[in-house]
Amino acid sequence: MLRAVEGVAHGIWPSVIVLPEMSPGATDSRYARAQGVPSYGIDAMFDDLDDSRAHGRDERIGVVAFQEDLDFTYRLMKVLAKTPTLADK
């Protein structure tokens, strides 16, 4: 998974360093994990650190940041759809 994320990220943002992290927030993936389905959250949103509005009344993201995240997610899904799984081997 990390190789796929790095490959797609570097195709869009060549100098970005990809790091795994644990999110302190809640996620709906807990239901999938409870059923034994590995679940990952991937954030490719570059926010303005001086304009944090997460979970506020006026929460928003920039148009360019949204488009880049959408492009990243689309490319990653295409890569992962082509990646063989253990069941394919």
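Bear in mind that the values in this text are calculations on the coordinates, not laboratory data. Everything numeric here is computed off the predicted structure, so don't read it as measured data. All Cβ positions, glycine included, derive from the backbone under ideal geometry; neighbour counts span all protein chains shown.
Miscellaneous remarks
- Length released on extending from Met77 to Asp47, taking residue separation times 0.36 nm less the Cα-Cα span: 8.6 nm
- Label selected from (i) 15.2, 49; (ii) 17.8, 52; (iii) 16.2, 54, the criterion being Rg and Dmax of the Cα atoms in Å as computed here: (i)
- Only Lys, Arg, Asp and Glu carry charge here, each on its Cβ (+1 for the first two, -1 for the last two); on that basis the chain has a dipole of about 600 debye about its Cα centre.
- Sorted by Cβ density within 10 Å, fewest first, the residues Thr73, Thr27: Thr27, Thr73
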